[in-house]
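Enquirer: The following block contains the structure, expressed as structure tokens.
The values are calculated or read from the model by the stated rules, or taken from the named source; none is laboratory data. Source: prediction; values computed, not measured. Cβ placement follows ideal geometry from the backbone for every residue including glycine, while neighbour counts extend to all protein chains displayed. For accessibility, only protein heavy atoms count, side chains too; no ligands or nucleic acids. Shrake-Rupley method; radii C 1.70, N 1.55, O 1.52, S 1.80 Å.
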Amino acid sequence: MRLHSFATVLSFSSLSVGLASAANLGRSPVLPKRKASILIDPAAQPDLPTIGEAKAAASAVNLNLTDVQADILLGMKKDKELFFFFSIADAKVFKAKLKTVVLPLVTSTDQILNRTTEPDTMLNIAFSQTGLTALNITDDLGDAPFAGGQLKDIGNLNDPGTTNWVPQFVGTSIHGVILLASGSVDNVNTELATLKTKLGSSIKEVYSLEAAARPGNQQGHEHFGYLDGISNPSVEGFQPTPFPGQAVVPTGEILVGESGDKVQRPAWAKDGSFLVFRQLEQLVPEFNKFLTDNPIRAPGLTAQQGSDLLGARMIGRWKSGAPVFLSPLHDDPVLGGDNQRNNNFTYVEPGQTHTNLTDLASESKCPFSAHIRKTRPRADLGLPEGSSNDGSIQGSSNHHIVRGGIPYGPEVSSDEATSNKTKTERGLAFVAYQSNIVNGFQFLQRRWANNAGFVTGNTGFDPIIGANKGLPRNVSALDLTNPSRTITLTTDFVVSRGGEYFFSPSLSALSKTFSA
């Protein structure tokens, strides 16, 4: 199955300029002046550093941003994107073409941040464990979920088997993924057509997924309507000054082989990162119907306001991005759009060092079960963030990921909205980078989102991404008028369509280890 696939365009004129000279340097070519930037920049999300700021931060920790693929640290900033999943049919030919065709187009972090070198189309590439095997790369990367693949990890993610998975993700035939991002669909089409022509029979297309930022004032919002990407961490060596409330993480928590990565790795893996891809379908009409049918009956609120409040308490933020902890009853778009304030909270009042986990009243501003609280508990684990070593609440500071996902599928149609039934698939092409999948994505999904006992024994599941193998999920404290009330969700509003685990190597590794 192939959803909303890009049409094939066979015009190569804008891509070929300067390709030969760039290939000699092993770097992406500088293409003609862009018609549109690859990147979006919603005001509420943390800004990317300037190239000067990033270079200064990288110099302080001896990080080479020229060697790091661009998407790893970029976050949820792409406008148009295509995920091209492939298998390697002829390893010898592919390795040769990887060096001469693909590597010159791979976009680095410093290149994407510099408006004078940002290409028309960003290209990154990553490989699954079966892809490494196909290329006869036998080194152990020290990550069990990656080595086994996402299909083998399905029990840890609580997917209900592969019932809802895209068939191409069921198996080991996907050897790699090429990420193409641009401000123009035509640019992506052109680059994809060129790649397919030049790589020829050395690869086979397995599956592809088109994605794009939502239109108009919904840019940066996922399909349920909530602004996304606000709480991505600040990675040392990339962003010199964190925004208020941003978690600051060691470089090695995201990039392999850097400070903070405690696992033994082969030398060539340095400055690579593990890429988790999940195709997450969102049942938007059904979600909206649930909110309409179950408004919170708080004094002074209309039914519509009560429905909006329920959704905000499930997410932990209003659609504007304003956190419910700071604006408990009504959306505050000014707060939501202010990246100096919309992430600056810890779930405790000033002067406190942790949350009272036994006090239901402490959930009046934000439920423990809320999606953003489940996946980043902040002071629930003590301050500094995650400082608790109490195994009962799994306190730790090394469970951060950089999310680089993007919505896919069309806007909800009038027919879907009227019938309260999804008829065309839409959702989030979820992408997460980390140096350790066990401590990163798998931990967040398994130990926090899917754990009804986290952060306390009666919290329940994450109401958005929590999964119980297709069975009903109990969620606590969504109704602030009755915090002890448990709501049972019988529908998974986010449905896993499967995915795979990949490794995104550095540019030098692509040149020396992956190429002939």
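Enquirer: Roughly to the nearest percent, how much of the accessible area of the chain is carbon and sulfur, given a 1.4 Å probe? It would help to have the intermediate numbers written out before the result.
Expert: Numbers: 10020 of 19270 Å².
Carbon and sulfur atoms account for 52 percent of the accessible area of the chain.
Enquirer: Next question. Between rounded, prolate and oblate, where does the range 150-228 land on the alpha carbon gyration tensor, with a ≥ b ≥ c its root eigenvalues, rounded for a/c under 1.5, else prolate if a/b exceeds b/c?
Expert: Details: a/c = 3.15, a/b = 1.03, b/c = 3.05.
Oblate.
Enquirer: With charges only on Cβ, +1 for K and R and -1 for D and E, what is the dipole size of the chain about its Cα centre, in debye, rounded to 20?
Expert: Dipole of the chain, to the nearest 20 debye: 840 debye.
Enquirer: Okay, moving on. With the cut-off at 1.5 for a/c, could you classify the range 407-516 from its C-alpha gyration tensor as rounded, prolate or oblate?
Expert: Numbers: a/c = 3.39, a/b = 1.46, b/c = 2.32.
Verdict is oblate for the range 407-516.
Enquirer: Continuing with the same structure: Of (1) 39; (2) 57; (3) 46, which one was derived for percent of Cα pairs over 32 Å apart from the structure shown?
Expert: The value computed from this structure is option (1).
Enquirer: Mind checking which lysines have their Cα closer than 21 Å to the Cα of LYS80? Skip sequence neighbours fewer than 8 apart in that chain.
Expert: In chain and number order, the partners are LYS33, LYS35, LYS196.
Enquirer: Sticking with this structure for a sec: Just need the relative contact order of the range 226-344 here, percent rounded to a whole number, with Cα pairs under 8 Å and 6+ apart. Display every interim value, and only then the final one.
Expert: Working: 151 pairs, mean separation 26.5, N = 119.
The value is 22 percent.
Enquirer: Over the chain, give the accessible area per residue in Å² for a 1.4 Å probe, as an integer. The partial results should precede the final answer.
Expert: On the way: 19270 Å² over 516 residues.
Result: 37 Å² per residue.
Enquirer: Please tell me the relative contact order of the chain in percent, rounded to the nearest whole number, where contacts are Cα pairs under 8 Å and at least six residues apart.
Expert: On the way: 1179 pairs, mean separation 115.3, N = 516.
Averaging sequence separation for qualifying contacts and normalising by length gives 22 percent for the chain.
Enquirer: Which of rounded, prolate or oblate describes the range 152-287 when judged by the alpha-carbon gyration tensor and an a/c cut-off of 1.5? Kindly include the intermediate steps, with their values, before the conclusion.
Expert: Details: a/c = 1.32, a/b = 1.13, b/c = 1.17.
Taking the square roots of the gyration eigenvalues as a ≥ b ≥ c, the range 152-287 is rounded.
Enquirer: A further question follows. Would you mind telling me the antiparallel percentage of the DSSP bridges in the chain, rounded to 5? Display every interim value, and only then the final one.
Expert: On the way: 55 of 59 bridges.
Percentage antiparallel, nearest 5: 95.
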